[in-house]
Amino acid sequence: MFGKNRLATAAALAIVAIVAVAAAAPYLPLADPDAVDTPNRLRPPFTPGHLLGTDEFGRDLLSRLIWGGRVSLLAGVGAAGAAMLVGVGLGVVAGYAGDPTNAPEWYANIKSVEWRTQPPVIVGSRMDFVAQFLGRRLAYTYEVAETKVTQVMDFARKHQHPLQCVMEKK
């Protein structure tokens with residue numbers, strides 16, 4: 001994939017280089033990013049010993065850039081990792097709770113679920129539920145009439161529930 005797209009390859013290499021330099025910052029021969037050197041303040045780029053110059057306190061801008069990159073990368077990786085943990089956790093719970101076969105474990109009133117069609121839940125899927133409510137045994141069949149991914153609550157307020165109960169006399 002990257003071999004065919006030169007721009008993507010260049011971007012990937014740049015990201016790898018930035019991460020590698022930031023990770024290697026403690027081992028690189030850089031000036032102390034916090035060391036104040038007032039005689040060398042506001043030096044222009046390419047000054048000997050200061051490739052990117054110095055700031056108003058004489059601190060080396062290259063070392064500050066590299067060490068600051070470590071903090072920025074750590075914050076970005078931490079935020080992405082936290083989002084991944086939350087997202088994967090919610091996805092696992094949603095996948096488990098969204099499977100009607102697991103309903104007896106999630107809902108106290110539902111005693112059993114049997115598929116009348118093959119899983120997964122798609123339009124036309126049918127499931128038989130047996131529930132116990134107010135001392136009475138209820139047996140009913142759900143047929144999926146429609147599936148919506150977005151605006152579930154808004155859809156439920158304005159329309160009939162996408163699962164329809166089918167009454168059958170036995």
Candidates for P(r) over Cα pairs in 5 Å bins from 0, in percent are (1) 1, 7, 9, 10, 10, 8, 6, 5, 5, 6, 6, 6, 6, 5, 4, 3, 1, 0, 0, 0; (2) 1, 6, 10, 12, 12, 12, 11, 8, 7, 5, 5, 4, 3, 2, 1, 0, 0, 0; (3) 1, 8, 14, 13, 11, 10, 8, 7, 7, 6, 5, 4, 3, 2, 1, 0, 0, and the calculated one carries label (1)
Using the Cα atoms of the stretch 35-85 to build a convex hull, what is its mean projected area in square nanometres?
4.0
For residue 58, the residues 5 or more places away or on another chain with a placed amide H closer than 5 Å to its own amide H are 37, 42
The stretch 1-157, relative contact order in percent, only Cα pairs under 8 angstrom and at least six apart counted
11
Sites residue 112 and residue 134, calculated FRET efficiency, Cβ-Cβ separation with R0 22 Å, nearest 0.05
0.75
Taking H as built 1.01 Å from N, whose amide H comes closer than 5 Å to the amide H of residue 117, not counting residues under 5 places away?
126
From the phi angles alone, apply the Karplus equation (6.51, -1.76, 1.60; θ = phi - 60°) to the stretch 70-80 and give each ³J(HN,Hα) in whole Hz, x where the residue is Gly or Pro.
4, 5, 5, 5, 4, 5, x, 5, x, 5, 5
Search the structure for amide H atoms under 5 Å from the amide H of residue 47, placed 1.01 Å from N in the peptide plane, and list their residues when 5 or more places away or on another chain.
53
Once phi for every residue in the stretch 42-57 is put through the Karplus expression 6.51 cos²θ - 1.76 cosθ + 1.60 (θ = phi - 60°), the whole-Hz ³J(HN,Hα) values, with Gly and Pro written as x, are 6, 6, x, x, 6, 5, x, x, 9, 4, 9, x, 10, 8, 5, 9
Could you derive backbone 3J(HN,Hα) for the stretch 23-30 from the dihedral phi with the Karplus parameters 6.51, -1.76 and 1.60 (θ = phi - 60°), listing whole Hz in sequence and x where the residue is Gly or Pro?
5, 8, 3, x, 9, 8, x, 9
q = 0.17, 0.20, 0.24 Å⁻¹, the stretch 12-56: log10 I(q)/I(0) [Debye, one scatterer per Cα]:
-0.62, -0.77, -0.91
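Laboratory data are not the source of any read-out in this text; all were calculated from the coordinates shown. The structure displayed is predicted, hence computed values, not measured ones. Counting neighbours? That spans all protein chains shown, and the Cβs are built from the backbone with ideal geometry, glycine included.
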